[in-house]
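Structure record follows, encoded as structure tokens.
The values are calculated or read from the model by the stated rules, or taken from the named source; none is laboratory data. Fair warning: this is a prediction, and the values are worked out from it, not measured in the lab. Heads up, the Cβs are rebuilt from the backbone with ideal geometry, glycines too, and the neighbour counts pull from every protein chain shown. SASA here: full protein model, heavy atoms, side chains in, ligands and nucleic acids out. Shrake-Rupley method; radii C 1.70, N 1.55, O 1.52, S 1.80 Å.
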Amino acid sequence: MQSTGFFSAGRGPVLHPPSSCAAIGTVMEPHKFLYVLLLCAGEVISKPTFRKERIRLDPELNTQVHDENQSFQQDHEAFLGKDEAKTFDQLTQEESKDRLGKIVDRIDNDHDGFISTEELTSWIKRVQKRYIYENVARVWKDYDVNQDNHISWEEYKQATYGYYLANPEEFQDADQFSYKRMLPRDERRFTKADLNGDLLANREEFTSFLHPEEFEHMKDIVILETLEDIDKNGDGFVDEDEYIADMFSHEEGTPEPEWVATEREQFSDFRDLNKDGKMDHEEIRHWILPQDYDHAQAEARHLIYESDSSKDKLLTKEEIINNWNMFVGSQATNYGEDLTRNHDEL
């Protein structure tokens, strides 16, 4: 399972992992599932840390030119939820607009005919929370083997790593290295999520294990794992080249794209706060978990900024539908599911 989608970056192209990996867990046994995930290194059910995205910048402040389809996909996932953001080819444009209008009615809490930043922010947060808890519910049975409504570390370890532990000879050296690195890392995270120290995760504890960036007591783990992922020379810091390498694979003899040069400036001007040429633990915290940044609010402001033709900082249903491709577009949600839910579920 990937994490929430809000803990993500959008600075350069080709930063989003393939969504196909996210569906593998529904058809594979856990031990085989993990092996495929190691090959995919994309969106993972039991590994929310394998991803290239680190932060989500305020689109209003982001002057970097992005691929339009990728940019819209980010908006679709924020507005509708990652699971609901899927191919929309089966619906006509008019059907799309009609169903979007029904969702707009749900967002308009005070029924005044306008969608404010606050209402849209609240909606996005609700969608985000729904995604997180539904995601946990979907995978719960794969790990709660004895069905005691708790997941022990042993249950998780056996479901995730059991096949490797029993058959290490079947894996290549690189895969063995990944397993050996990931298992203690997962145990460390599980222990941190296990607030009462009984090595049994209830639903809330397991949710914090899978989505640590959403829980205050797990944020140090998020920072540490980010550092471990990017710090290739093992000096305990992230230098500029490591920072760039995390988001861009440079082919020798080819020039760097313009956005990479912009990112180098970002590193120098905004990431490396003490100007020593590298990011330490606190600078990484400031980068990936900025305290003064509300991801849902930033997305809401972005959607309003792009769709508010009257420039009154409010959206009417007409303005939203006129810009329907930003909210749902050609890749969107399973509206049948969204529209049959009770309002409280959304």
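Values for this structure:
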quantity	calculated
Close pairs (9 angstrom Cβ cut-off, 6 or more residues apart or separate chains): under 17 Å from Leu100 (Cβ atoms) in segment 304-322, among the aromatic types (Phe, Trp, Tyr) and in a helix (DSSP H, G or I) anywhere	Ser307/Phe327; Ile320/Phe327; Ile321/Phe327
Hits in segment 137-177 (condition: hydroxyl-bearing (Ser, Thr, Tyr) and under 13 Å from Ala201 (Cα atoms))	Tyr143, Ser152, Tyr156
Where Ile115 falls short, out of the listed (1) touching a strand residue (DSSP E or B) at 6+ places or on another chain (Cβ under 8 Å); (2) farther than 30 Å from Leu303 by Cβ; (3) open to solvent by less than 20 Å² (accessible area, probe 1.4 Å)	(2)
Selected residue [modelled with pLDDT of 90 or more and under 24 Å from the mean Cα position of the chain (by Cα)] from Ile321, Ile284	Ile284
Tabulated pairs, segment 190-211, first of a type in the set (D, E, K, R), second assigned to a loop (DSSP other than H, G, I, E, B) and surrounded by 19 or more Cβ atoms within 10 Å (Cβ to Cβ), C-beta under 7 angstrom, 6+ apart or interchain	Glu205/Asp194
Considering residues of segment 118-138 that are aliphatic (A, V, I, L, M), more than 17 Å from Tyr305 (Cβ to Cβ) and surrounded by 14 or more Cβ atoms within 10 Å (Cβ to Cβ) only, the residue nearest to the chain's Cα centre (by Cα)	Ile132
Residue within segment 216-232 that is open to solvent by less than 70 Å² (accessible area, probe 1.4 Å), in contact with a Ser or Thr (Cβ under 9 Å, 6 or more places away or on another chain), at pLDDT 95 or above and over 15 Å from Arg285 (Cα atoms) present	no
Selected residue [part of a helix (DSSP H, G or I), under 29 Å from Asp239 (Cβ atoms) and at pLDDT 95 or above] from Arg181, Arg189	Arg189
Residues of segment 237-254 satisfying the condition of being out of contact with any strand residue (DSSP E or B) (no Cβ under 9 Å at 6 or more places or on another chain) and open to solvent by 30 Å² or more (accessible area, probe 1.4 Å)	Asp241, Ala245, Phe248, Ser249, His250, Glu251, Glu252, Gly253, Thr254
Hits in segment 144-160 - residues which are open to solvent by 10 Å² or more (accessible area, probe 1.4 Å) and not hydrophobic (A, V, I, L, M, F, W, C)	Asp144, Asn146, Gln147, Asp148, Asn149, His150, Ser152, Glu154, Glu155, Lys157, Gln158
